[in-house]
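Laboratory data are not the source of any read-out in this text; all were calculated from the coordinates shown. Being a predicted model, the structure only gives us computed values, none of them experimental. So basically every Cβ, Gly included, is an ideal-geometry build from the backbone, and we count neighbours across all protein chains shown.
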Amino acid sequence: MRSTSRAVALTAIVLLPALTLAPADGRAQGAQPAASYTYQGTVRAFTPSRASLDLITGVGMALRIVHVTVAPAAHAPGDTTARLAGVEFKPGDVVRMECHRTDTGLVADRIERIEVPKP
Amino acid sequence: MTPRWVAVASLFVFAACAKVVKPGDPIPGLAREQRARFARGKTVFDSIFTPETGLGPLFNSTGCGECHEDPAAGGRGDEIEVHAAAFHAPACDPLVEEGGPVVQQHTTPALKQALGIDSEPFPPSATARAHRTSPVVFGRGLLDLVPDSVILSYADPDDRNQDGIRGRPGRALDGRVGRFGRKALVPTLREFNAGAFPTETGVTDPEQPTEENIGGQPIPPGVDPLPEPEISSEALALADDFVRFLGAPTPAKVGKEGRRGRQLFAQLGCASCHIPKLRTGYSPLPALAHREFPAYTDLLLHDMGPELADICLGVATPEDFRTEPLLDLRDAKTFLHDGRASGIEQAVELHGGEGAGARDRFNGLSAADRAAVVAFLKSL
């Protein structure tokens, strides 16, 4: 069971299809792709019900919190939901996120758990 | 290159390596351009910031040199910082949303006027408070270049050799091996320096252009009018070069007693963590590359016992501390991470956890042998 969990963790990549992020009316057709932001840090909190994740990042001792919403499409029925539901990020996990900015804040398009090597 | 030129070059290298480095001196063998940047960087390091030049609105000091000054720029200071975190095993929350982990002790007049506070409020969710002295930053550019593989080679988290020492590496928030800071949170000197400007002086820089919140609350309008970042890339790079090029002070020559003390230091097991010499790896700067230097650290985290425990940070538990590099110990007036020890013997006696064995062996020495160990340490 443990090795299964680990395997799930190692392969846990939440990929939200670009299609689900595009406006339904198709306005994105021909639009410039949104700028992508990459963050890597430690999970402070993950609330699946609200699809929100707080990541601690920073430079040296100047630490900052990055608030991210996992795209709403992650909660729609279908494969994406299942894949997100299978991933439980907990405080202390190290993750890398690719995000884009919206009027309401950062939205994560991809979240990947990073395995920190044991000495 | 002819053999004669090789010989001449070797003499220069030997002369550079043999030069005695005093506290505050640059690393021997720097090129002229690097020495010039060291001098210009010292000017930035010694700068006094004001609210008009970016200070605050929260800060611990008005400049790097205010806390790192004794016996020379880059040395110690007598200021005591306050840090906070919440430890809910196994996770550590540095309480960033409440203003942690560094709780600044001063405010600018504008912030005081707006909020009526003289210091940042202590995070209400903290499970521990820590005090931190300002360490010397001598030799940090050399420590920066010790390969991760060397640090990891000293780790023994399961104590397989059964010597009671179980070092493990600190980790940055993104998973890299940490080495700077008392909890080994920070992986590189550049990041430590770039983070120190906003954390200690409230001066934002291009690598951390975001001001810290005020105990979790946004900065009141008009309190910090200077646009971010408040210092330029070049100013940051110069300050970074100054710290990077500060040499590791050469230990003083010791007499018979000191030599006896050095021998005992190894025999007691102190040198299991305070590894006397480390070697840098590759650097594009010849003066820093593949250099052996006095370090007296393994850059690993060790459990120091419940008496010294304070905050967690990253993967470091409250009991974990990174082995302090024993550099310029001769000028130290207080000892340990929070300055609680007023002398070397007291500092040794406060070692617990993985340090307890060496401490007990030290305590079992004759008075003369204890004095010899202290004499040796005072030569560093």
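Selection of the range B:203-261 for residues being polar (S, T, N, Q) and not in a loop (DSSP other than H, G, I, E, B) yields B:GLN208, B:GLN217, B:SER233. Somewhere in the range B:40-60, is a residue of a type in the set (Asp, Glu) and either touching a Lys or Arg at 6+ places or on another chain (Cβ under 8 Å) or under 30 Å from A:ASP54 (Cα atoms) (or both)? There is no residue in the range B:40-60 that is of a type in the set (Asp, Glu) and either touching a Lys or Arg at 6+ places or on another chain (Cβ under 8 Å) or under 30 Å from A:ASP54 (Cα atoms) (or both). Filtering the range B:342-359 to residues that are over 13 Å from B:VAL373 (Cα atoms) and crowded, with 18+ Cβ neighbours inside 10 Å leaves B:HIS351, B:GLY353, B:GLU354, B:GLY355. Among the residues of the range B:62-87, what is the count of those that are surrounded by fewer than 24 Cβ atoms within 10 Å (Cβ to Cβ), touching a Cys at 6+ places or on another chain (Cβ under 9 Å) and within 14 Å of chain A (Cβ to nearest Cβ)? Of the residues in that region, 3 qualify. For the range B:172-181, filtering for residues that are crowded, with 24+ Cβ neighbours inside 10 Å and more than 8 Å from chain A (Cβ to nearest Cβ) leaves 3.
In the range B:185-206, the residues that are at the interface with chain A (Cβ under 9 Å from one of its Cβ atoms) and closer than 10 Å to B:LEU236 by Cβ form Cβ pairs under 9 Å with partners that are basic (Lys, Arg) and surrounded by fewer than 24 Cβ atoms within 10 Å (Cβ to Cβ), at six or more places apart or across chains, as follows: B:ASN193/B:ARG140.
Once the range B:264-290 is narrowed to residues that are touching a Gly at 6+ places or on another chain (Cβ under 8 Å) and of a type in the set (A, V, I, L, M, F, W, C), the residue that is surrounded by the fewest Cβ atoms within 10 Å (Cβ to Cβ) is B:ALA289. List every residue pair whose Cβ atoms sit under 8 Å apart, with the two residues 6 or more apart in sequence or on different chains, where the first one lies in the range B:86-98 and is within 16 Å of B:ARG171 (Cα to Cα) and the second, anywhere, is in a strand (DSSP E or B) and β-branched (Val, Ile, Thr). If the second residue must be in a strand (DSSP E or B) and β-branched (Val, Ile, Thr), the pairs left are B:PRO94/A:ILE56. With respect to being touching a residue at least 40 places away in the same chain (Cβ under 8 Å) and within 26 Å of B:ASP174 (Cα to Cα), B:LEU299 fits the description.
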